[in-house]
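Report on the following structure.
Bear in mind these aren't lab numbers, they're just calculated from the coordinates by the rules spelled out. Everything numeric here is computed off the predicted structure, so don't read it as measured data. We place every Cβ from the backbone using ideal geometry, glycine too, and count neighbours over all the protein chains shown.
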Amino acid sequence: MSAPELSVEELAARLARLEKAYEALEDAVAALVAPTPSAGSGGATGASAPPLEPAYRSVETWVGEWFAPIFARRLGAIHWCAQWWRHDEAVFRLEALWRSWEMARHDGGLGMASWLRDHLDAQLRVLFGADGPFQACDGTSHNPPPALPVVPT
């Protein structure tokens, strides 16, 4: 059974939502890595370190090469969609996980342990859950949930 074709307008609206979510994530990451005034410097920012290069160039690469193999589960026990990128909520959540993972991997101390506890565990419950973005998917076929109804103001 194939998924219904999306109209150009539906695709454009989906792209606009994803671009807005992506920009919000970029702003959040920029705020996290922005240089802060050093103590005793009178509030002036010191020389900043060069930006950290990501281990994965995109969320798509991170999901395909790292996330999916590492957090493999039996389909049926969880909800998943092989076309996860067609679920706006999943893209937003996975993008947030990827970006936070990219930051946490540089913390040689408790970075990964904190990332697992504070970021991944909560997101997996939603992503893989019965009410999550993949609720109608069976792992291989894409069946998006209907959009929430909205009454215009």
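Stretched out fully, how many nm does the piece from VAL126 to TYR22 gain, at 0.36 nm a residue minus the Cα gap?
Computed gain between VAL126 and TYR22 is 35.5 nm.
Quick one: which of 7-17, 113-123, 90-100 comes out on top by average Cβ neighbours within 10 Å, and what's the full order, highest first?
Values: 7-17: 11.0, 113-123: 14.0, 90-100: 20.5.
Result, highest mean first: 90-100, 113-123, 7-17.
Would you work out which of ALA82, LEU97, GLY64 lies farthest towards the positive end of the dipole of segment 64-109? Charges go on Cβ: Lys and Arg +1, Asp and Glu -1.
Positive-most Cα among the choices belongs to ALA82.
List residues of segment 117-153, by number, whose backbone nitrogen lies under 15 Å from a label position 7 Å along Cα→C-beta of GLU9.
152
Could you go through segment 123-139 in sequence order and give the Karplus-derived ³J(HN,Hα) for each residue, using 6.51 cos²θ - 1.76 cosθ + 1.60 with θ = phi - 60°, rounded to whole Hz, and x for Gly and Pro?
Residue by residue, segment 123-139 yields 6, 4, 4, 7, 4, 8, x, 5, 10, x, x, 9, 3, 9, 8, 10, x Hz.
Could you give the dipole magnitude of segment 70-117 about its Cα centre, charging the beta-carbon of Lys and Arg +1 and that of Asp and Glu -1, in debye to the nearest 20? Write out the running numbers ahead of the final one.
Numbers: 7 positive and 5 negative charges, 45 e Å.
The dipole magnitude comes to about 220 debye.
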